[in-house]
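Student: Just dropping this structure here.
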Amino acid sequence: MKEITIGMVGFGFMGKMHTYGYKTIPLYYEDLPFKIRLKWVCTSNEETAKKAMERGGFEQYTTDFDDLIKDNDVDIIDICTPNLLHKDEIIKALKSGKKVYCDKPLTVTYDEAKEVVDAENETGNTINQVTFHNRFYPATLKAKKLMEEGKIGKVLTFEGKFLHSGNIDATKGMNWKQDKEFGGGVLRDLGSHVIDIIYYLIGEFDEIFCRTQNIRPTRLHKDGSMCDTAGEDSAYMSVVTKDGAVGNITCTKVATGSNDELSFAIYGEKGAIRFSLMDSNYLEYFDNTLSEEALGGMRGFKKIECVQRYEYPAGVFPSPKSSIGWMRGHVHCLYSFLDCVYNNKKPSPSFQEAAYVQYIMDKAYESAEGNMSLKV
């Protein structure tokens, strides 16, 4: 049986999530034609690297990324580091012939993303994927299917939101996600997800206007000093797609009372769909072709029970009737990539797709800085 060997760099929140995926894929998916080997984990200091090895079940640890690159056993470099480090790590991995699974966003800027795509093309090493995991819940896969089947018809308007509340607390200390120079800011952190899911379901954008908000211009650094955050707390976008649909995209970490609330609604001539990550077992669907009748007929939004009804080889364990959770979308995203690696297929979301998301984010920042609407 083929063995796919992993070298992971970074073992913070997302490193743990990806490790969970590797560990549980053999349970979630029947008759896997490959085995997963967790060989290397790399972090910035020896203490955390050793602890990551022990917690994650890796064979070896290191603080030198080149150890992963030089190891001919390693098939995949899994990148879970801060955004600022992505570009150089990806390009080095591509040039070494290794495939890359990278957490979003692909890079900090579109110029960096173009360098990554150029490196893909120059090396011919194109089986790589970015972790836009919100595409991979049964409900969002069903949404894509309904769109492709024409059930919604011509899209008229839409909205996408990602609401958190974590930046409201004035005593919250500074970290890299508030540091714009380090690749922070809510647009890159949350907005990349919303932009991607709208792009995935509806298509490319034609025009964008964006306004950003920063309610805490300074925060306490770990050394006790106050420092500029620079990274925005919120971004509000008005978007026109190439097909003429007009909609809004909101991402914020100052939505009081919110948890992890990604949602979208798409309204078309034939129907509509609505989804919320906080109610991710269901996709709401409205069929506008049904006639209006006395007592209402059968019109109205229908909640489709998507739960864990993945296609085989998933959907056996746990029961497809079991409630789903945030991590399951991540696991299916990772499985889909490994399946492409095994079968030598180009995955999606690809680096090219992620570069497009990066382009839209850059345009959003440009719009906000110039207080103007931009063609994209």
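The values are calculated or read from the model by the stated rules, or taken from the named source; none is laboratory data. As the structure is a computational prediction, the values presented were derived from the model and not from experiment. All Cβ positions, glycine included, derive from the backbone under ideal geometry; neighbour counts span all protein chains shown.
Student: Only residues that are among the aliphatic types (A, V, I, L, M) and farther than 17 Å from Cys340 by Cβ: list them for segment 28-52, please.
Tutor: The initial filter retains those residues of segment 28-52 that are among the aliphatic types (A, V, I, L, M), namely 32, 36, 38, 41, 49, 52.
Result: Leu38, Val41, Ala49, Ala52.
Student: Are any residues in segment 286-304 in contact with a Gly (Cβ under 7 Å, 6 or more places away or on another chain) and either in contact (Cβ under 8 Å) with a residue 24 or more places away in the chain or assigned by TED's automatic domain parsing to the domain that holds Ile25 (or both), and if so, which ones?
Tutor: The first filter runs over segment 286-304 and keeps only residues in contact with a Gly (Cβ under 7 Å, 6 or more places away or on another chain), leaving 286-288, 290-291.
The answer is Asp287, Asn288.
Student: Here is a further query. Could you grab the pairs with beta carbons closer than 8 Å, sequence gap of 6+ or different chains, first residue in segment 305-324 and more than 11 Å from Ala139 (Cβ to Cβ) and touching a residue at least 40 places away in the same chain (Cβ under 8 Å), second one in a loop (DSSP other than H, G, I, E, B) and of a type in the set (Phe, Trp, Tyr)?
Tutor: Short answer, once both residue conditions are applied: Pro313/Tyr29; Ala314/Tyr29.
Student: What pairs come up if the first residue lies in segment 120-131 and is within 9 Å of Pro347 (Cα to Cα), the second is surrounded by fewer than 24 Cβ atoms within 10 Å (Cβ to Cβ) and among the β-branched types (Val, Ile, Thr), and their beta carbons are under 6 Å apart, counting only those six or more places apart or on different chains?
Tutor: Close Cβ pairs (under 6 Å, with a partner that is surrounded by fewer than 24 Cβ atoms within 10 Å (Cβ to Cβ) and among the β-branched types (Val, Ile, Thr)) amount to Ile127/Val341.
Student: Which is surrounded by fewer than 17 Cβ atoms within 10 Å (Cβ to Cβ), at negative phi and modelled with pLDDT of 95 or more, of Val240, Val246?
Tutor: On the way: Val240 fails: surrounded by fewer than 17 Cβ atoms within 10 Å (Cβ to Cβ).
Unique residue meeting the criteria: Val246.
Student: Could you list all residues from segment 52-76 that are polar (S, T, N, Q) and either over 26 Å from Thr126 (Cα atoms) or surrounded by 15 or more Cβ atoms within 10 Å (Cβ to Cβ) (or both)?
Tutor: Gln60, Thr62, Thr63 - these are the residues of segment 52-76 that are polar (S, T, N, Q) and either over 26 Å from Thr126 (Cα atoms) or surrounded by 15 or more Cβ atoms within 10 Å (Cβ to Cβ) (or both).
Student: Shifting gears a bit: Name the one entry in Asp88, Asp103, Asp118 that is of a type outside the set (A, V, I, L, M) and within 29 Å of Arg274 (Cα to Cα). I'd like the intermediate steps shown before the answer.
Tutor: Numbers: Asp88 fails: within 29 Å of Arg274 (Cα to Cα); Asp118 fails: within 29 Å of Arg274 (Cα to Cα).
Just a single option satisfies the conditions, and that option is Asp103.
Student: Something else now. Grab the strands (runs of 3 or more DSSP E) fully contained in segment 210-259, keeping just those with 1 or more residues being touching a Phe, Trp or Tyr at 6+ places or on another chain (Cβ under 9 Å) and farther than 26 Å from Met278 by Cα. Steps first, answer last, please.
Tutor: Values: elements: 218-220, 226-228, 234-241, 246-252.
Where strands (runs of 3 or more DSSP E) fall fully within segment 210-259 and carry at least 1 residues being touching a Phe, Trp or Tyr at 6+ places or on another chain (Cβ under 9 Å) and farther than 26 Å from Met278 by Cα, they are 234-241.
Student: Can you work out which of the residues in segment 91-110 that are without any contact (Cβ under 8 Å) to a residue 40 or more places away in the chain and assigned to a helix (DSSP H, G or I) is surrounded by the most Cβ atoms within 10 Å (Cβ to Cβ)?
Tutor: Residue satisfying both the conditions and the ranking: Ala93.
Student: Looking only at segment 328-364, which residues are among the hydroxyl-bearing types (Ser, Thr, Tyr), within 20 Å of Glu115 (Cα to Cα) and crowded, with 17+ Cβ neighbours inside 10 Å? It would help to see each step written out before you state the result.
Tutor: Taking segment 328-364 as the starting set, the residues that turn out to be among the hydroxyl-bearing types (Ser, Thr, Tyr) are 335-336, 342, 348, 350, 356, 359.
Still in the list and also within 20 Å of Glu115 (Cα to Cα): 348, 350, 356, 359.
Once the filter is applied, which keeps residues that are among the hydroxyl-bearing types (Ser, Thr, Tyr), within 20 Å of Glu115 (Cα to Cα) and crowded, with 17+ Cβ neighbours inside 10 Å, segment 328-364 yields Ser350, Tyr356, Tyr359.
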